[in-house]
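Below is one structure; the comments refer to it alone.
No value in this document is a laboratory result; all are computed from the given coordinates. Just so we're clear, the structure is a prediction, and the values are computed from it rather than from any experiment. A quick note on method: Cβ atoms are made from the backbone with ideal geometry, for glycine too, and the neighbour counts reach across all protein chains shown.
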Amino acid sequence: MNRELLDLLICPFSKSSLTLDTFEAKDDEVEYGMLHSEAGDFPIVAGIPILLWGKTDLLALVRAGKHQEALTMALIGKAPDQGVGQINKYLQETTWFSTLGTWLEEKRQRTWERKAEEQFFPKDGGPVDAHRFFDLGLGTYHMKKPSFVNYNYYRFGCPSYLVALSFVEAMGTPKGLVLDVGCGAGHVIWAIQQRMAPQPTIGIDYSFFSLYMARTRVAPHAWLICGDATALPFHQGVFAGVFSSDAFYFIPNKWGALKEIERVLMESGTIMLTGLRNKLAAHKPVGNPLTPQGYQKLVGHLSSRIIPDSHTVHRYLDGYGVPAAEQVDEATLDESFAVSIWAGKRNMEFADMGRFEQWPHALGELAVNPLYMTGPSNDAGTVYLRRYPLDAYTNINPQVKSYLPELFRLTKPQAGLIHQNCTKGLEELLERWAVLGLPPGYLH
Ligand SMILES: C[S@@+](CC[C@H](N)C(=O)[O-])C[C@H]1O[C@@H](n2cnc3c(N)ncnc32)[C@H](O)[C@@H]1O
């Protein structure tokens, strides 16, 4: 945690100021420590302040200097209360075997943490790569759903990421800080950051695991906070822009989250809420979506524009930014899979954004889109084949097929251009998202 972040922060539960105790620092960043407010103490683990309620186990580990244990617990939480855990719980509740039950349960927790620690941080090898880390965290220890792994690892190729990039371009470089609410593993923060640097971009999410991925693999220069969108731990009016991509529709208390976003936003600030799933669209409901009219009502007191994401995707693929001039009719909105909102507290005029000077997705370290696997190779080059890791990925990203070629050949000179990070000569592959810019080291 950068010490300057403290100037922005307040306690989310009492709105009082915070003081910092540093236990371990690296290159001027606080790695482990504690934040104190009138209402409570909050741990800092691996450079990420955790401003959530009830983290007593983590606080105890950080206080005791057991930093690696604190990190593992923050990443995976406690072992699930199933099987042996239930037997231990039963024993703990009896009169005669309570001590035995507690001992057995503590042993079970320690075994679970030690096993996780060995997998996340193997002693005999380098750091595990992004795919394996997502797989462990989201596939093995958290949601146990491969679709979450795929969403995160292949995020840079998703249409909803393309929509987010379009809005990031539209926001430009506001005069002041930008906050990403529900930033997840930091894919969009990374895009914002590249435009805002050297100014830091701030991200908040209640998933520590995702934030750790952001800090270590995706957006290492961002200032990240583990906290809840409905109780933002920031002073009033500190942000020039608040962004939220693919996250706002998950939040049940949308009014609470929006009020918080407005509180931390400057009067002249911009709000971008992208990838808002439409409750009316024919798909399995995910999160807590509203109808497009519901979203419009929610932001009715603001100056706003609501835009179907499919329109933004089409325009992006033609090389143009967000189509914001026209207010889209109700029937079209109702048929949209997802919509996005551009809003502000001041009176705003909305216009179509113009032609991109360069592809927004070309910023970064050029690489073959990870959605492709390597096929046959010969003197003419290497063939890459589009893969869909899971049906779920294709279903939530139906437009993927409209731009990613099924297969393509990467010639040796083109491979050389990728290596030199040179976009000239790769225009066709960039246009189809076969090649794109990634955070340095993302694939290794
Ligand atoms: C689908 S992910 C999107 C991540 C990222 N914004 C992106 O576009 O790649 C949704 C994120 O919202 C976060 N989230 C949902 N509800 C939240 C809340 N009330 N407070 C903080 N984060 C929340 C989740 O933890 C998750 O990381």
Filtered hits (aspartates and glutamates, Cα-Cα < 20 Å from Lys284, offset >= 8 within chain) -> Asp246, Asp309, Asp334, Glu335, Asp391
Of the convex hull enclosing the alpha-carbon atoms of the range 171-323, the direction-averaged projected area in nm² is 9.3
Of the convex hull drawn through the C-alpha atoms of the range 1-150, the volume per residue in Å³ is 155
Taking 0.36 nm per residue of separation between Lys115 and His67 and subtracting their Cα-Cα distance, the length gained on full extension comes to 15.6 nm
So Phe250 and Ala60, fully extended at 0.36 nm per residue minus their Cα-Cα distance, gain in nm 65.3 nm
Computed over all unlike Cα pairs, the Kirkwood hydrodynamic radius of the range 361-438 in Å stands at 12.9
With label points set 7 Å from each Cα along the Cα-to-Cβ direction at Lys175 and Ala331, the distance between them in nm comes to 4.5
Simple SL model, points at 7 angstrom along Cα→Cβ for Leu443 and Asn421; separation in nm is 1.5
Quarter of the surface of the C-alpha convex hull for the chain, i.e. direction-averaged projected area in nm², equals 23.6
Restricting to lysines and to Cα separations under 21 Å from Lys259, and discarding same-chain partners fewer than 8 apart, the set is Lys15, Lys297, Lys345
Restricted to the range 158-344, the DSSP antiparallel beta bridge percent, nearest 5, is 40
For the range 326-364 the GluC sites (Glu not before Pro) that pass both the DSSP coil test and the at-most-14 other-Cβ-within-10 Å test are Glu326, Glu349, Glu357
The answer for the per residue Cα convex hull volume of the range 299-347, in Å³, is 80
In whole angstrom, the spacing between the Cα centers of the range 331-346 and the range 401-419 equals 34
Any lysines whose Cα falls less than 18 Å from that of Lys123, other than same-chain ones fewer than 8 residues away, would be Lys66, Lys115
Set Lys145/Lys254; Lys175/Lys401; Lys145/Lys412; Lys175/Lys279, cut-off 28 Å on Cα-Cα distance; pairs above it are Lys175/Lys401; Lys145/Lys412; Lys175/Lys279
With Rg from the Cα atoms and Rh as the Kirkwood inverse mean 1/r over Cα pairs, the range 159-215 has an Rg/Rh of 0.96
Low-density loop trypsin sites (Lys or Arg not before Pro), the range 8-96, at most 16 other Cβ within 10 Å, DSSP non-H/G/I/E/B, are Lys15, Lys66, Lys78
Within the set Ala434, Ala25, Ala191, GNM on the chain using Cα springs under 10 Å gives the largest fluctuation to Ala25
So the pair-distance distribution of the range 186-276, from every Cα-Cα distance in 5 Å bins, comes to percents of 3, 14, 23, 28, 22, 8, 1
Counting only DSSP beta bridges fully inside the chain, the antiparallel percentage to nearest 5 is 70
Quick calc: nm separation of the 7 Å Cα→Cβ label points for Arg387 and Leu317 -> 2.4
